[in-house]
Amino acid sequence: MDDVIQHISDNWKFYTVLIAILGAAGLFWLSKYFATKKDLEAHTISVRERFENNETSVRERFEMNEAKLTKQQLEHYKLRDIVNELDGHIKYLPTAQDSQALRESMARLEGRLESVEPMFKQILNQYNMLVENELRGEKK
């Protein structure tokens, strides 16, 4: 430890200059990246002036935003009512199982109609023959 103290006391001029250079570099760095009190006060004054000048425009913008919000809320309520109405209609639409059952029922009905078709043809044929006989009978 005595050696260190002896070294510092022998070279005190060098260490003094080194500390002064580091201090100056530190102050330069601080002045470059941090605002001074004058700059801060000037900025505060300019912000206050801008705010006071724009105070009416801020109020106007606030009122315009309020009007837009009210309009959007009305549109939202209208859309909500439309969606609720559509949900009510969709609730009563048939499901896939209902439509499948309907298709099966239609297929059975078609089969029954095809089985009845020959009988209708026979009835139509007999009707035509009766009408023809009736017409021939009147000519005599």
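Quick note: the coordinates plus some simple rules give every number you see, no bench work behind them. Everything numeric here is computed off the predicted structure, so don't read it as measured data. Using ideal geometry, Cβ is built from the backbone for each residue, glycine included, and neighbour counts are taken over all protein chains shown.
Using 0.36 nm per residue, how much length does the chain from TRP12 to LEU130 gain when fully extended, once their Cα-Cα distance is taken away?
Numbers: separation 118, 0.36 × 118 = 42.48 nm, distance 14.47 nm.
Net length gain for the segment: 28.0 nm.
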Checklist entry - How much FRET efficiency would the formula 1/(1 + (r/R0)^6) give for LEU22 and ALA42, where r is the Cβ-Cβ distance and R0 is 35 Å, rounded to 0.05? => result 0.70
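Dividing the alpha-carbon radius of gyration of the range 55-140 by 2.2 N^0.38 Å (N being the number of residues), what value is obtained? Could the numbers behind the result be given before it?
Values: Rg = 34.6 Å, N = 86, 2.2 N^0.38 = 12.0 Å.
Ratio of Rg to 2.2 N^0.38 Å for the range 55-140: 2.90.
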Checklist entry - Looking at the range 34-91, which chymotrypsin sites (Phe, Trp or Tyr not before Pro) are in a loop (DSSP not H, G, I, E or B) and have at most 10 other Cβ atoms within 10 Å? => result PHE34
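Given Cβ point charges of +1 (Lys, Arg) and -1 (Asp, Glu) and nothing else, what value in debye, to the nearest 20, does the dipole of the range 2-140 about its Cα centre take? Let's see the in-between values first.
Details: 20 positive and 23 negative charges, 106 e Å.
In debye, rounded to 20, the range 2-140 gives about 520.
Can you give the Rg to Rh ratio for the range 1-130, taking only C-alpha atoms and Rh from Kirkwood?
Details: Rg = 47.4 Å, Rh = 26.9 Å.
So for the range 1-130, dividing Rg by the Kirkwood Rh gives 1.76.
Using the Kyte-Doolittle scale, find the helices of the chain whose mean hydropathy is at least 1.0 and whose Cα atoms extend 15 Å or more along the helix's long axis, counting only whole DSSP H runs. Write down the numbers at each step before the final one.
Values: long enough: 12-33 (31 Å, 1.13); 37-53 (24 Å, -1.29); 55-91 (53 Å, -1.14); 96-139 (62 Å, -0.79).
Going by DSSP H runs, the hits are 12-33.
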